[in-house]
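> Have a look at the structure that comes next, please.
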Amino acid sequence: MKVDTEALISVSDANKMGVSALIREAEAGHEYVVLRNNRPVAVVVGMDRFEELQRLQDDLTDVALAAARMLTTG
């Protein structure tokens with residue numbers, strides 16, 4: 001997965017920024033990967049992006065099921 005380094009934010013910087021500011025940024029389309037001890041532990045994304053990711057996950061599940069059916073019935 002490719003992550004823009006500008007999207008990385010430490011837990012302490014996220015705390016300084018504040019929840020309201022993080023949410024405003026997410027609503028505006030900005031995404032953040034939150035780091036604790038230089039390890040990614042959370043992602044802050046807007047609801048539109050989250051719903052898009054959910055749809056993609058559902059689509060991938062459907063494709064996997066269709067492929068499995070084709071392999072087992074073919």
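> How many of the residues in the range 29-42 are open to solvent by 80 Å² or more (accessible area, probe 1.4 Å) and outside any loop (DSSP other than H, G, I, E, B)?
3
> Find all pairs meeting these conditions: Cβ atoms under 7 angstrom apart; at least six residues apart or on different chains; first residue within the range 12-28 and assigned to a helix (DSSP H, G or I); second residue open to solvent by less than 60 Å² (accessible area, probe 1.4 Å) and among the small types (Gly, Ala, Ser).
Every condition considered, the pairs that remain are Leu22/Ala14; Ala26/Gly46; Glu27/Gly46.
The values are calculated or read from the model by the stated rules, or taken from the named source; none is laboratory data. Values in this document were obtained by computation on a predicted structure and should not be read as measured data. Neighbour counts run over all protein chains shown; Cβ positions are idealised from the backbone, glycine included. Quick note on the areas: whole protein, heavy atoms, side chains included, nothing else; ligands and nucleic acids left out. Shrake-Rupley method; radii C 1.70, N 1.55, O 1.52, S 1.80 Å.
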